[in-house]
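The values are calculated or read from the model by the stated rules, or taken from the named source; none is laboratory data. The model shown is predicted, which means the values in this text are computed figures rather than measured ones. Positions of Cβ are generated from backbone atoms using ideal geometry, with glycine treated the same way; all protein chains shown enter the neighbour counts. When the accessible area is computed, the model is the full protein with side chains, heavy atoms only, and any ligands, DNA or RNA have been set aside. Shrake-Rupley method; radii C 1.70, N 1.55, O 1.52, S 1.80 Å.
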Amino acid sequence: MTIPQKQMKNDDRNKEPRVDRRIRVPEVLVIDSDGNKLGVLPTYEALKRAQEQGLNLVEVAPTSRPPVCRILDYGKYKYDQKQDQKRRKKNQIVIDLKEVKFRPKVEKHDFEFKVRHCKRFLAQGDKVKATIMFRGRELAHTELGEVILKRLLAELEGKVVVESTPRLEGRNMSMLIAPKPGAWPKKAKVEVKSDSTRPEKVKRPVEAKPKPLDGEAPEDEDDEELDESDDTDNVDLDDEDEDEGAGGEQPN
C-alpha cells in the first residue's frame, strides 16, 4: 500500500514547530532573541514584534500553558538542529547483539572455531549471547551446557563482563556477555604510502614498417622467391651431373 505524497508532506509538517501565523492560540509566553522573557503577550502582538526585527515567532513548548514562543531566525534554528543531530549521530556508538550457538557434545575444533567468533564480535564492541541447544534426552543433562559456558568464560577471562548468568529457557540455555572496557584495544589503521621516487616505466614506440607500393611485393616475399629459385637451380645441376655420369659408363 502506497502512502499519498500529500499525506507524507502533512506528516513531516506536523513534526515541525508551529511558526508565525500557524500559531493559533490567543496568548503566548514570549522570549526575545537575547533570551529575555517578555511575559505573556497576545499572539498578534508577539508576531508583530518578531516581524519588526526581521525574525520569526517559533513555538518551542506547545504543551505549556500558555505555550512558550521564541523570537529567532527559523532558518538558522533548523540548520543548527540538523548540525546537532549529525554531531550526535557521529558520536553515537551502536552496540549489536550477536548470538553464538553451541551443542552439548561440541567437538574441540568446533568449540575453538566459535570462540574465535566470540572474540571477533567482542573486539568490535558487540555483546555476545552464548546459547546451548538441547535436543531430546539431552535436557536430562543440562549440566553439560553449564560446563561449556564455563569453558567459554575461561577462554575470555579478564576480557568480558557477564551481564546475564546461564539460565535455561525452554530447550536452550543462554548467557549474555559484554566486552570489558579497555580489554579490546582497537587496531590502528596502517596507511600504505606509494613510492613516488620509483621511476615510471617508459614505453618505447614501435617502429611501423613502410607499406609496399602498388605492384611491389614485400621484402620478405622477395627473399622467399630468391631462396626457392636457388633451390631449383641446384636441383637441375645435380640432375645434369647424374645424366653425364650415366652416359660415360656405357660398355665398350
Suppose the filter is surrounded by fewer than 14 Cβ atoms within 10 Å (Cβ to Cβ), modelled with pLDDT of 90 or more and within 26 Å of VAL161 (Cβ to Cβ); does GLU146 pass it?
no
For the range 29-135, list the strands (runs of 3 or more DSSP E) that sit wholly inside it and hold at least 1 residues that are open to solvent by less than 40 Å² (accessible area, probe 1.4 Å) and touching a Cys at 6+ places or on another chain (Cβ under 6 Å); which are they?
56-61, 97-102, 127-133
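If you take the residues in the range 3-24 that are at pLDDT 85 or above and either within 21 Å of GLN81 (Cα to Cα) or open to solvent by less than 40 Å² (accessible area, probe 1.4 Å) (or both), which one is nearest to the chain's Cα centre (by Cα)? Give the derivation first.
Going residue by residue through the range 3-24, those that are at pLDDT 85 or above are 17-24.
Narrowing the set further to residues that are either within 21 Å of GLN81 (Cα to Cα) or open to solvent by less than 40 Å² (accessible area, probe 1.4 Å) (or both) leaves 17-20, 22-23.
Values: PRO17: 35, ARG18: 38, VAL19: 40, ASP20: 43, ARG22: 43, ILE23: 44 Å.
The residue in question is PRO17.
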